[in-house]
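Working notes, beginning with the structure itself.
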Amino acid sequence: MTVEEKKPGFGITMFPTDYAIQPVELARAIESRGLDSIFFPEHTHIPACRTTPFPGGTKLPREYSHTHDPFVALAACAAVTERIKLGTGICLVIERDPIVLAKEIASLDLISNGRVVLGIGAGWNVEEMENHGADYQNRWKIVREKILAMKEIWNNDEAEFHGEFVNFDPIWCHPKPVQPGGPPIWIGASSKWTHDRVAEYADGWLPIGGMPSGSLDLLSAACEKRNRKVQDITLALFGAPADVENLQSRVEQGFTEFAFFVPPEPAEKVLPMLDSYCELLVKAGYR
C-alpha cells in the first residue's frame, strides 16, 4: 500500500483523571469498537500560584491538576489491549530526565509489542517548568537535545551524548524499543519554527485543530533541506472534526491519523461519545 493509499487511523484523546472513566476501561472500549489509538496528555502538577495564562483563554480546567502519569496509564492500557496505538498527546519532555524517559518509553514499547507513539511538546506553563528546574526560554533547545539523546540510547548498545543541556558518557541502558529506531516522534506545536523541528528530528506533526495556511509547503521545504521526503512525515490531527464534510476535507489535506476529543467524564458520558464517533466514521466512508 502506498503512502497515498494509506487508510486513515482514528483514535481518542482524553485527560485521564482520577474522576473520569479509568484508562483500562477506556482502552478496552476503544479497541472493541475498532478504533485505532488512545492518547493521553501530561501535566505532572499545576502550581497553586501561577501567573502564566492558560492558552485556552479561560480559567484553567480542573483536569490539568488531576491527570494520571501518562506512561503508567498507557502501560495499564497495553496490558488489556492487543492492537491500538498507545500515544502521548503530549509528553512534556522538558520536565523529564532523558535517560529515565528513554527507559520508560522503551519498556512500554517492548511490553506493548511496538505500539507506542511519542507525541511531544515543550509546554506553556512557566511555573510548572520552573518547579522541575527547567529553563522556559530555552525549552525547545532542551527538548531537541533530550530527543536526540534518547535516540542515541535507543539505537546504541553503548550510548553517549554531549550537548549544551544534556551530557553523559557511554552508558548501557536496556531494554531497547521494539520499533526500529524507537517509537515515532510527533511534534505537537504550530509555531513558525515547527516545520524545521519536525524535519530535523521528528516523524510526524501533531497540530491541534489543523494546519495554518501554507504549512505543507513550509514543511516540504524544510524536509527538502534535510534530504527528507515530506511524504514520510505523518500528519496527525488532534481535535478531529466531528462532522463528515470537515473530516473528509482533513483527509484530503493529507492527514492520516486523527484523535477525537472526549471530556474527562464517567463512562456513562464517554462511551456514548465513542459510539457517535464510530457512527460518524461509517457515514464518512472510513468504516
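I'd like the full set of residues that are closer than 24 Å to Pro184 by Cα, buried (at least 18 other Cβ atoms within 10 Å of the Cβ) and more than 17 Å from the chain's Cα centre (by Cα), limited to segment 19-29.
The answer is Leu26, and nothing else.
Here is a list: Glu63, Glu128, Glu104. Which entry is within 22 Å of Gln22 (Cβ to Cβ), out of contact with any strand residue (DSSP E or B) (no Cβ under 6 Å at 6 or more places or on another chain) and of a type in the set (Asp, Glu)?
Step by step, each of Glu63, Glu128, Glu104 is checked, and only Glu104 is within 22 Å of Gln22 (Cβ to Cβ), out of contact with any strand residue (DSSP E or B) (no Cβ under 6 Å at 6 or more places or on another chain) and of a type in the set (Asp, Glu).
Looking at (1) more than 24 Å from Pro41 (Cβ to Cβ); (2) touching an Asp or Glu at 6+ places or on another chain (Cβ under 9 Å); (3) outside any helix (DSSP H, G or I), which is the one condition that is false for Gly123?
Every listed condition holds for Gly123 apart from (1).
Hey, can you tell me all the residues within segment 190-200 that are in contact with a Phe, Trp or Tyr (Cβ under 9 Å, 6 or more places away or on another chain) and surrounded by 22 or more Cβ atoms within 10 Å (Cβ to Cβ)?
If the condition is that a residue be in contact with a Phe, Trp or Tyr (Cβ under 9 Å, 6 or more places away or on another chain) and surrounded by 22 or more Cβ atoms within 10 Å (Cβ to Cβ), then Thr194, His195, Val198 are the ones that fit.
If you take the residues of segment 74-120 that are touching an Asp or Glu at 6+ places or on another chain (Cβ under 8 Å) and in a strand (DSSP E or B), which of them is surrounded by the fewest Cβ atoms within 10 Å (Cβ to Cβ)?
Lys85
Taking Gly57 as meeting all but one of (1) crowded, with 17+ Cβ neighbours inside 10 Å; (2) in a loop (DSSP other than H, G, I, E, B), write down the number of the exception.
Evaluating Gly57 over (1) crowded, with 17+ Cβ neighbours inside 10 Å; (2) in a loop (DSSP other than H, G, I, E, B) leaves (1) as the failure.
Regarding segment 168-188, can at least one residue be identified that is modelled with pLDDT of 95 or more, in contact with a Pro (Cβ under 8 Å, 6 or more places away or on another chain) and under 30 Å from Cys278 (Cβ atoms)?
yes
Can you give me the number of residues within segment 35-58 that are more than 20 Å from the chain's Cα centre (by Cα) and small (Gly, Ala, Ser)?
2
When the residues of segment 131-140 are filtered to those that are touching a residue at least 40 places away in the same chain (Cβ under 8 Å) and assigned to a helix (DSSP H, G or I), which remaining residue is surrounded by the most Cβ atoms within 10 Å (Cβ to Cβ)?
Checking each candidate, the answer is Arg139.
Pick from segment 256-287 the residues that are among the small types (Gly, Ala, Ser) and in a helix (DSSP H, G or I): which of them is surrounded by the most Cβ atoms within 10 Å (Cβ to Cβ)?
Ala284
So is Val143 touching a residue at least 24 places away in the same chain (Cβ under 8 Å), out of contact with any strand residue (DSSP E or B) (no Cβ under 8 Å at 6 or more places or on another chain) and of a type outside the set (Phe, Trp, Tyr) or not?
no
When you check Val166 against the structure, is it under 24 Å from Lys6 (Cα atoms) and in contact with an Asp or Glu (Cβ under 7 Å, 6 or more places away or on another chain), yes or no?
So Val166 fails the test.
Just a yes or no: is a residue in segment 154-162 outside any strand (DSSP E or B), under 23 Å from the mean Cα position of the chain (by Cα) and modelled with pLDDT of 95 or more?
Yes, that holds for at least one residue.
The values are calculated or read from the model by the stated rules, or taken from the named source; none is laboratory data. Note that the structure is a prediction, hence the values are computed from the model and not measured. Here Cβ is always computed from backbone atoms with ideal geometry, including for glycine, and neighbour counts include all displayed protein chains.
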